[in-house]
Amino acid sequence: VVSYNIILGGLAKLGRITEARKLLEEMVEANIEPDLVSYNILIHGMCREGMLSDARRILNTMRASGIEPDTVTYSTILDGYCKGGKVVQARQLLGEMLRRGCFPNAVTFNILIQSVCKEGRISEAYKLLQKMRERGLCPDTITCNIMIQGLCKNGRVDNAIQIMDSMCLQGSATIGEDEGSMTNASLSDRCFPDVVTYSTVMDGLCKEGRLDEAKGLFVEMLEKGLEVDEIAYSTIIDGLCKQGELNVAFKLLNEMQTRGCPPTKGTYNILMQGLCSKGKIDRAYKLLEYMQKKGCAPD
RNA sequence: ACUUUUAUUGAUA
């Protein structure tokens, strides 16, 4: 099964769902019964392709073959519904999950929290956090990152920074409503800021025109020895471009190359956008040629 | 005991 699952995963990742379905049938014929993981892979692939109702139908297929969907299965479809804005269906599925005695875990909650954050319902997100704790689940770094992004996108960058600071200090998420309720800060959640945390907050700061603070965080991240990736670089580069600090932005581009963090086409797009918005079309052209020379295909 | 396959977070548009 594992061998087949690996291939299934490969197909699913490429969005080749029809082939994945066929492979599943072949497995049955070859007397290798698809297992829980096989179905989860297929469902995930379908969700990524927006085939939500197909994914949903697989649930029944699974049950018919005597395989009970697990938390991963439900979370996968839930995420698909949430990302697709199908709130009603998401609620239904959550109910079904609970009715069947399948417990949500931290990932499930993270999906739900992200969903309400994207709708701008921050207080709802805090309520979910509360529920999460009541169920004995610890918010993890991803939970914090989701909250941080939600706060940033809703004009509450300073609250986001508070969360990040408390992550730094205690290595745990002290996330309760701002009115300092000292929730479970003692628990051994390993919940330190990572590159995503920093990138998210830097982006929030840049979008508010607080470039200097973002720069400060960037330096802090380097000092901490975190592995700065191309998105972190791109984030600050975008901030620099938008504030007209193109030369600094290009300095960072070079730094990326020397640090073994190769710029992607996204990075180049940001810089070309920056050049174009300043009317420097010639330099933008040059950069277009340059990225190709570096083996980066423009889109 | 350990080990292979599945779900959630960040940039440009």
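Condition first: in a helix (DSSP H, G or I), of a type in the set (Ser, Thr, Tyr) and modelled with pLDDT of 95 or more. Can you find one or more residues in the range A:245-259 that meet it? So far as the range A:245-259 goes, no, none of its residues is in a helix (DSSP H, G or I), of a type in the set (Ser, Thr, Tyr) and modelled with pLDDT of 95 or more. Could you please let me know if A:Gly244 is within 26 Å of A:Asn159 (Cβ to Cβ), more than 22 Å from the chain's Cα centre (by Cα) and either surrounded by fewer than 20 Cβ atoms within 10 Å (Cβ to Cβ) or aromatic (Phe, Trp, Tyr) (or both)? When the stated conditions are applied, A:Gly244 does not pass them. In this structure, is A:Lys293 surrounded by fewer than 13 Cβ atoms within 10 Å (Cβ to Cβ) and over 30 Å from A:Cys144 (Cβ atoms)? The answer is yes for A:Lys293. Within the range A:16-53, the set of residues being loosely packed, with under 14 Cβ neighbours inside 10 Å and under 18 Å from A:Lys83 (Cβ atoms) comprises A:Gly50, A:Ser53. The sole residue among A:Gly85, A:Gly15, A:Gly66 that is at pLDDT below 95, touching an Asp or Glu at 6+ places or on another chain (Cβ under 6 Å) and not hydroxyl-bearing (Ser, Thr, Tyr) is A:Gly15. Quickly run through the range A:199-211 and pick out the residues that are farther than 14 Å from A:Ile237 by Cα and near RNA strand B (Cβ under 7 Å from one of its atoms). Of everything in the range A:199-211, nothing turns out to be farther than 14 Å from A:Ile237 by Cα and near RNA strand B (Cβ under 7 Å from one of its atoms). With respect to being under 22 Å from the mean Cα position of the chain (by Cα) and surrounded by 22 or more Cβ atoms within 10 Å (Cβ to Cβ), A:Thr71 falls outside the description. With respect to A:Tyr74, is the statement that it is within 15 Å of RNA strand B (Cβ to nearest atom), within 29 Å of A:Pro139 (Cβ to Cβ), out of contact with any strand residue (DSSP E or B) (no Cβ under 7 Å at 6 or more places or on another chain) and of a type in the set (Phe, Trp, Tyr) true? Yes; evaluated as a whole, the condition is true for this residue. For first residues located in the range A:122-142 and within 16 Å of RNA strand B (Cβ to nearest atom), partners that are charged (D, E, K, R) and lie 6+ apart or on another chain with Cβ distances below 7 Å form the pairs A:Cys138/A:Asp189; A:Pro139/A:Asp189; A:Asp140/A:Asp189; A:Thr141/A:Asp194.
The values are calculated or read from the model by the stated rules, or taken from the named source; none is laboratory data. Nothing here was measured: the structure is a model prediction, and the numbers come from that model. Positions of Cβ are backbone-derived with ideal geometry, glycine not excepted, and every protein chain shown enters the neighbour counts.
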